[in-house]
Amino acid sequence: GAGVSQTPSNKVTEKGKYVELRCDPISGHTALYWYRQSLGQGPEFLIYFQGTGAADDSGLPNDRFFAVRPEGSVSTLKIQRTERGDSAVYLCASSPTPGALNTEAFFGQGTRLTVV
Amino acid sequence: AQSVTQLDSQVPVFEEAPVELRCNYSSSVSVYLFWYVQYPNQGLQLLLKYLSGSTLVKGINGFEAEFNKSQTSFHLRKPSVHISDTAEYFCARTGTASKLTFGTGTRLQVTL
């Protein structure tokens with residue numbers, strides 16, 4: 001596609017429910033990142049995929065968070081037993097070269113998750 | 001730990017005035033610095049980046065930034081702002097890892 005696509009754009013869920021957030025990266029981009037942006041804060045790193053594998057998942061806050069990228073393109077961020085503190089905008093980014101620091105990462109518009 | 005500090009949470013400025021958004025980073029052997037802009041309800045867009053070489057970096061929309069190693073700063077500047085520059089601006093860095101570490105952002109509010 002023309003850019004990084006994230007669906008849904010907005011998601012409201014009840015505390016304790018399970019949610020899935022989808023990211024469709026730019027075609028051909030091998031690197032994919034998830035970030036979380038809480039209100040009034042900058043984005044915080046969650047996880048980085050290089051192809052199908054998670055190269056760095058050190059930013060995942062706890063074991064309720066999990067992400068997959070089974071075919072090396074679309075990625076899904078999964079949150080179990082959601083808590084109100086999970087409310088944030090979840091951003092996805094992709095870049096053409098895995099791990100290359102001089103390569104721009106292109107961001108999607110984000111999914112705004114609200115846990116009530 | 002790598003960190004980025006944006007001291008100004010909000011910067012109000014009149015249209016056509018110059019602006020400087022401040023960014024300081026924690027020192028490390030290697031550092032790569034970025035400025036991103038986020039317009040309302042949109043994703044982050046790269047304004048400019050410093051990887052090596054010339055310390056004055058020019059970006060899109062008339063913005064520029066200067067890498068200052070001795071002061072560990074990477075301030076963003078524009079000589080004359082426009083209403084359309086109203087947005088949230090984030091300074092970010094990478095080091096030896098691929099992930100970006102962002103500052104808390106500066107809200108630039110341009111008024112007539």
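Per this entry, B:ARG77 is not counted among residues that are surrounded by 14 or more Cβ atoms within 10 Å (Cβ to Cβ), charged (D, E, K, R) and within 30 Å of A:ALA54 (Cβ to Cβ).
Looking only at region B:12-33, filter to residues that are part of a loop (DSSP other than H, G, I, E, B) and aliphatic (A, V, I, L, M); which one of those is farthest from the other protein chains (Cβ to nearest Cβ)?
The extreme case among them is B:ALA17.
Scoring B:VAL19 on the criteria (1) aliphatic (A, V, I, L, M); (2) touching a residue at least 60 places away in the same chain (Cβ under 8 Å); (3) under 30 Å from A:SER5 (Cα atoms) leaves a single failure, condition (3). A search for C-beta distances below 9 Å between a residue of region B:34-63 that is more than 11 Å from chain A (Cβ to nearest Cβ) and surrounded by 20 or more Cβ atoms within 10 Å (Cβ to Cβ) and any residue that is assigned to a loop (DSSP other than H, G, I, E, B) and acidic (Asp, Glu), counting only pairs 6+ apart in sequence or on different chains, returns nothing.
Scan region B:46-105 for residues that are of a type in the set (A, V, I, L, M), more than 24 Å from B:GLU15 (Cβ to Cβ), more than 10 Å from the chain's Cα centre (by Cα) and not in a loop (DSSP other than H, G, I, E, B) and jot them down. Correct list: B:LEU56, B:VAL57.
Table: residues versus (1) touching a residue at least 24 places away in the same chain (Cβ under 8 Å); (2) surrounded by 18 or more Cβ atoms within 10 Å (Cβ to Cβ); (3) closer than 29 Å to B:SER3 by Cβ.
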| position | (1), (2), (3) |
| --- | --- |
| A:GLU20 | yes, no, no |
| A:TYR35 | yes, yes, yes |
| A:LEU46 | yes, yes, yes |
| A:PHE65 | no, yes, yes |
| A:GLN80 | yes, no, no |
| A:ARG84 | yes, no, yes |
| A:ALA93 | yes, yes, yes |
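Which residues, counting only those in region A:62-83, are of a type in the set (A, V, I, L, M) and not in a strand (DSSP E or B)? Result: A:VAL74, single match. The residues of region A:1-57 that are at the interface with chain B (Cβ under 9 Å from one of its Cβ atoms) and in a loop (DSSP other than H, G, I, E, B), listed by number, are A:GLY3, A:VAL4, A:SER9, A:GLY40, A:GLN41, A:GLY42, A:PRO43. Just wondering, is there one or more residues in region A:92-103 that are on the phi < 0 side of the Ramachandran plot, at pLDDT 95 or above and not basic (Lys, Arg)? Among the residues of region A:92-103, at least one is on the phi < 0 side of the Ramachandran plot, at pLDDT 95 or above and not basic (Lys, Arg), which makes the answer yes.
Just to check your reading of the model, which residue among B:PHE74, B:PHE34 is farther than 23 Å from A:LEU32 by Cα and among the hydrophobic types (A, V, I, L, M, F, W, C)?
None of the other options fit; the residue is B:PHE74.
Filtered by the rule that a residue be facing chain B (nearest Cβ under 9 Å) and under 18 Å from A:VAL89 (Cα atoms), region A:58-73 gives a lone residue, A:GLY59.
Inside region B:3-28, residues that are farther than 18 Å from A:LEU39 by Cα, polar (S, T, N, Q) and surrounded by fewer than 16 Cβ atoms within 10 Å (Cβ to Cβ) make up a count of 4.
The values are calculated or read from the model by the stated rules, or taken from the named source; none is laboratory data. What you are looking at is a predicted structure, and each value in this text was computed from that prediction instead of being measured. Note that each Cβ is placed from the backbone with ideal geometry, even for glycine, and that neighbours are counted across all protein chains shown.
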